[in-house]
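Visitor: The structure is given below, and queries will be raised subsequently.
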Amino acid sequence: MILVRLLFQTVALALVQLTGNKFRALLTTLGIIIGVGAVILTGTATQALKGYVLHQLDTFGPRKVFMTGDVPRPMRGRIRWSEVALKLTEIEYLKNNAQTIDAITPMYFVTGQVRAGEVSRDGVTVTGIWSDWHEIEKRVVTIGRPFIKVDVDEMRNVCLINDKAIAELELRADPTGDTLLINNRRFLIVGVVETKEMAAMFPGGGETRTEVYVPVSTAVAMRPRLYVDFALAQLKGTEQADEAKAEITAILRRSRGLSGDDPSTFQIHTVQSAIEQFQAVSGVITGVALGLVAVSLLVGGVGIMNIMLVSVSERTREIGLRKAVGARPGVILLQFLVEATVLCLIGGVVGVVTGGGMVALGKAALPGMSEYLSVPPWTILVSVVFSAAVGIIFGMFPAIKAARLDPIVALRHE
Amino acid sequence: MTGTPTSTPARVVPGKGTIRLRGIHKLYQVGSESVHALRGVSLDIARGEFVAIMGASGSGKSTLMNILGCLDQPSKGMYELSGRRTDRLGAAALAQVRNKEIGFVFQTFELLARSTALENVQLPLAYSARLFWGASKRAKLALERVGLGDRMHHRPSQLSGGQRQRVAVARALVNEPAMILADEPTGNLDSKTSEEIINLFKDVHKQGQTIVVVTHEEDIAGHAERIVRLRDGIVVSDHPTASDPMHRDYLERMAMQAARAASGESERGGTVAPAAGQRAGGGVGP
Ligand SMILES: Nc1ncnc2c1ncn2[C@@H]1O[C@H](COP(=O)(O)OP(=O)(O)OP(=O)(O)O)[C@@H](O)[C@H]1O
Ligand SMILES: [Mg+2]
């Protein structure tokens, strides 16, 4: 009860002191305001970046695995990429034997001319796939049907196109049942897949393109070669990224007869490990930002200490009087500590408001990012806790100085 | 004429508001020089006494008062307040003593400039364990007691010197201490205002509080029951006011002056009124 009363009184006293010196208080807390503003801004920015990137990776498919042939560094220039590129047989072997993946498809690119009646387009990338592609890419078939196993097995001349291709080739809104000439071979359009914008963070992303898909067997027949451009697989679960990488590596190394120290002639990338890497990086970024903020709060704290020392020496007589009428040293200590803390907390609140205002401005300036730009609650908590801590830590020395003053010496102070 | 602690032995009773000083020394160290401000003061003051401390400037009066008020500690000697040795008390306990048992009045008032009269009077209550909600009521009563019921919300700068000192007295009284210590409370006031302040002390004294006042003025000291005189840090005389030789000399001189003035007014070289009838503590005008 008595402690509550004392706190109430000292807080009231601190507020009176500070309102008596508004301008000085503001200048003093500038360091805290900037520090806290920086906490809010960096916290918001890193969270926004993280939210954005993770969202991109997530829409990309967190369970996706990319596999491609790779010429290891020591062999560069001596062998060609086509010699180490993945072969359809390897992909088939993985499909039947890898336990950690539940779907896989080769990606077999054929560039050519696509014609629909009078309209033709050159240099269109036609991609040969397996029906598993639907499972992995999760692209919605808006009209018609997806590929099925029989399309591949029987080497059917069927194709899937996207909305963009309909527009480019001036096809009907529902083009299923129509035919396309791809490199002068006749294909039946069986379905339309939704156009998907490539994630902006990947090369060539942020834009849409004309897409045409055919069964891989048909693509091979059009332009025969032994290797594919890359393969796409899907993990059984996101937590199996490392396991899958190890398993696929083992299978491919065995099938390629690599042993011991031989470098792998392929690369395996999982979106999941990219997510994990990014999370680690963003953790580091946040850590570094917080370190910088801590430095600016430290500088702010030194300012607080300075002004509190000035305040103690300006009010020495007052301290003497308070002691003369019965203020115990602990009460004087508390008074100055509370004053420093209240000062810092005011700075902290101003900093939070300033930072929040800047985030709001950023939101207005970057409408694309607005859904990710929100002040994370933890930054406000950290701000309040840190500014209070700065007040207590840097207010301690001046407060001890005040508490230790001898009453009569303080009263005689000029 | 060396004052001894046994000069008023009958009055010494242990309890609240009693003072016992034994061989008090105070040394100030200023650079390489040391100033011996008190050189062995022994003194007893009983509960309910009204004592004036007099002496030339630099004789150690303020030094003594600060020690009595627990604002300062002696370099040597024993100070027992209300039956308790103060040298055994820590800073917090001494603060408690200053808060509860002592009301100190300074020559320079020492009011908080930015606070109102009421807030200034409330200050000691803020540091006492008494109930918070009663504080402003008690402070108001104390201000009314010193005749400032209509100046509660004035700041010190809006008050006259005498009114400021009344606020300071109200502050000293608010916690109902057993003892009021005043170091030249009228030093900065004119004679009429001084008279008002000293009458305030007399009122308080009637309630049974111990009062110790430092003063340079004999007429102020005349209100006290006992006069202790210091010189160079030692007690040189300690007498009831009525039998204090210096005070009697002063009264005689005053009476003579008054008589001369009176006769000069009516008829030059007239009769001289005897001074013997003047009572100690009576209203002696300057
Ligand atoms: N803080 C101090 N440091 C050093 N010397 C001091 C200090 N305070 C007092 N003195 C010295 O102690 C002696 C007594 O001082 P004190 O203030 O007690 O005198 P006083 O009787 O109150 O005088 P006055 O009537 O002028 O107020 C003086 O010689 C003074 O110079
Ligand atoms: Mg003095």
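Visitor: Pairs needed: first member in the stretch A:74-86, without any contact (Cβ under 8 Å) to a residue 40 or more places away in the chain; second member anywhere, surrounded by 10 or more Cβ atoms within 10 Å (Cβ to Cβ); C-beta distance under 7 Å; at least 6 residues apart or different chains.
Guide: A:I79/A:V71; A:W81/A:G69; A:W81/A:V71
Visitor: Given the options A:T19, A:T59, name the one that is at pLDDT below 85, closer than 30 Å to A:D102 by Cα and β-branched (V, I, T).
Guide: Step by step, each of A:T19, A:T59 is checked, and only A:T59 is at pLDDT below 85, closer than 30 Å to A:D102 by Cα and β-branched (V, I, T).
Visitor: Every residue in the stretch B:23-37 that is more than 8 Å from ligand 1 (Cβ to nearest atom) and within 20 Å of the chain's Cα centre (by Cα), please.
Guide: Selection gives B:I24 alone.
Visitor: In a helix (DSSP H, G or I), within 14 Å of chain B (Cβ to nearest Cβ) and closer than 20 Å to A:S383 by Cβ: which single residue out of A:V338, A:V349 fits that description?
Guide: Among A:V338, A:V349, only A:V338 is in a helix (DSSP H, G or I), within 14 Å of chain B (Cβ to nearest Cβ) and closer than 20 Å to A:S383 by Cβ.
Visitor: Can you pull out every residue in the stretch A:384-414 that is within 12 Å of chain B (Cβ to nearest Cβ), touching a Ser or Thr at 6+ places or on another chain (Cβ under 6 Å) and either within 16 Å of ligand 2 (Cβ to nearest atom) or not aliphatic (A, V, I, L, M) (or both)?
Guide: Within the stretch A:384-414, just A:H413 meets the criteria.
Visitor: Further question on the same structure: Mind checking whether some residue in the stretch B:171-185 is within 16 Å of ligand 1 (Cβ to nearest atom) and either of a type in the set (S, T, N, Q) or more than 18 Å from B:S62 (Cβ to Cβ) (or both)?
Guide: Looking for residues that are within 16 Å of ligand 1 (Cβ to nearest atom) and either of a type in the set (S, T, N, Q) or more than 18 Å from B:S62 (Cβ to Cβ) (or both), one finds none in the stretch B:171-185, hence no.
Visitor: Same structure, new question: Restricting the stretch A:91-146 to residues that are in contact with a Lys or Arg (Cβ under 9 Å, 6 or more places away or on another chain) and among the acidic types (D, E), which is farthest from A:L169 (Cα to Cα)?
Guide: Only one residue tops the list, namely A:D102.
Visitor: Which of the residues that make up the stretch A:254-297 are over 24 Å from the mean Cα position of the chain (by Cα), free of Cβ contacts under 8 Å to residues at least 60 places away in the same chain and assigned to a helix (DSSP H, G or I)?
Guide: Scanning the stretch A:254-297 gives A:R254, A:V295.
Visitor: Residues that are free of Cβ contacts under 8 Å to residues at least 40 places away in the same chain and either away from ligand 1 (no atom under 16 Å from the Cβ) or in a strand (DSSP E or B) (or both): does the stretch B:207-216 have at least one?
Guide: Scanning the stretch B:207-216 turns up at least one residue that is free of Cβ contacts under 8 Å to residues at least 40 places away in the same chain and either away from ligand 1 (no atom under 16 Å from the Cβ) or in a strand (DSSP E or B) (or both).
Visitor: With the requirement that a residue be over 32 Å from the mean Cα position of the chain (by Cα) and within 14 Å of A:C159 (Cα to Cα), what does the stretch A:114-129 give you?
Guide: A:V114, A:R115, A:A116, A:V124, A:V126, A:G128
Visitor: Something else: Filter the stretch A:183-210 down to residues that are in contact with a Leu (Cβ under 9 Å, 6 or more places away or on another chain) and modelled with pLDDT of 90 or more, then give me how many there are.
Guide: 8
Visitor: When only residues in the stretch B:83-115 that are buried (at least 21 other Cβ atoms within 10 Å of the Cβ) and at the interface with chain A (Cβ under 8 Å from one of its Cβ atoms) count, which is nearest to B:S128 (Cα to Cα)?
Guide: B:N99
Visitor: A further question on this structure: Any residue in the stretch A:136-150 that is surrounded by fewer than 15 Cβ atoms within 10 Å (Cβ to Cβ) and under 24 Å from A:A85 (Cβ atoms)?
Guide: No.
Visitor: Separate question: Which one is nearest to the other protein chains (Cβ to nearest Cβ) among residues in the stretch B:25-41 that are without any contact (Cβ under 8 Å) to a residue 60 or more places away in the chain and within 16 Å of ligand 2 (Cβ to nearest atom)?
Guide: The extreme case among them is B:Y28.
Visitor: For A:L381, which of the numbered conditions (1) away from chain B (no Cβ under 14 Å); (2) touching a helix residue (DSSP H, G or I) at 6+ places or on another chain (Cβ under 8 Å) fails to hold?
Guide: That leaves (2) as the condition not met.
Visitor: Now, a different point. Looking only at the stretch B:197-206, which residues are surrounded by fewer than 17 Cβ atoms within 10 Å (Cβ to Cβ) and without any contact (Cβ under 8 Å) to a residue 60 or more places away in the chain?
Guide: Result: B:N199, B:D203, B:K206.
Visitor: So for the stretch B:46-60 (the condition being within 16 Å of ligand 2 (Cβ to nearest atom), of a type in the set (F, W, Y) and either more than 14 Å from every other protein chain (Cβ to nearest Cβ) or surrounded by fewer than 23 Cβ atoms within 10 Å (Cβ to Cβ) (or both)), does at least one residue qualify?
Guide: Within the stretch B:46-60, none of the residues are within 16 Å of ligand 2 (Cβ to nearest atom), of a type in the set (F, W, Y) and either more than 14 Å from every other protein chain (Cβ to nearest Cβ) or surrounded by fewer than 23 Cβ atoms within 10 Å (Cβ to Cβ) (or both).
Visitor: Take B:V236 and tell me if it is within 16 Å of ligand 1 (Cβ to nearest atom) and either away from chain A (no Cβ under 14 Å) or surrounded by fewer than 21 Cβ atoms within 10 Å (Cβ to Cβ) (or both).
Guide: For B:V236, the condition - within 16 Å of ligand 1 (Cβ to nearest atom) and either away from chain A (no Cβ under 14 Å) or surrounded by fewer than 21 Cβ atoms within 10 Å (Cβ to Cβ) (or both) - is met.
Visitor: Out of B:A262, B:A168, B:A255, B:A224, which single residue is more than 16 Å from ligand 1 (Cβ to nearest atom), touching a residue at least 40 places away in the same chain (Cβ under 8 Å) and away from chain A (no Cβ under 14 Å)?
Guide: Matching residue, one of B:A262, B:A168, B:A255, B:A224: B:A224.
Visitor: Inspect the stretch B:224-237 for any residue being modelled with pLDDT of 95 or more and either among the hydroxyl-bearing types (S, T, Y) or part of a helix (DSSP H, G or I) (or both) and give the result as yes or no.
Guide: Checking the stretch B:224-237: at least one residue is modelled with pLDDT of 95 or more and either among the hydroxyl-bearing types (S, T, Y) or part of a helix (DSSP H, G or I) (or both).
Visitor: What about A:L321, is it more than 14 Å from every other protein chain (Cβ to nearest Cβ) and either hydrophobic (A, V, I, L, M, F, W, C) or not in a strand (DSSP E or B) (or both)?
Guide: Answer is no for this residue.
Visitor: Any residue in the stretch B:178-194 that is within 14 Å of chain A (Cβ to nearest Cβ) sitting within a Cβ distance under 8 Å of a residue that is of a type in the set (F, W, Y) and more than 16 Å from ligand 1 (Cβ to nearest atom)? List the pairs, counting only those 6 or more apart or interchain.
Guide: Close Cβ pairs satisfying both conditions: B:I180/B:F201; B:A182/B:F201.
The values are calculated or read from the model by the stated rules, or taken from the named source; none is laboratory data. These numbers come from a predicted model, not from an experiment. No Cβ is skipped: glycine too gets one built from the backbone with ideal geometry, and neighbour counts run over all protein chains shown.
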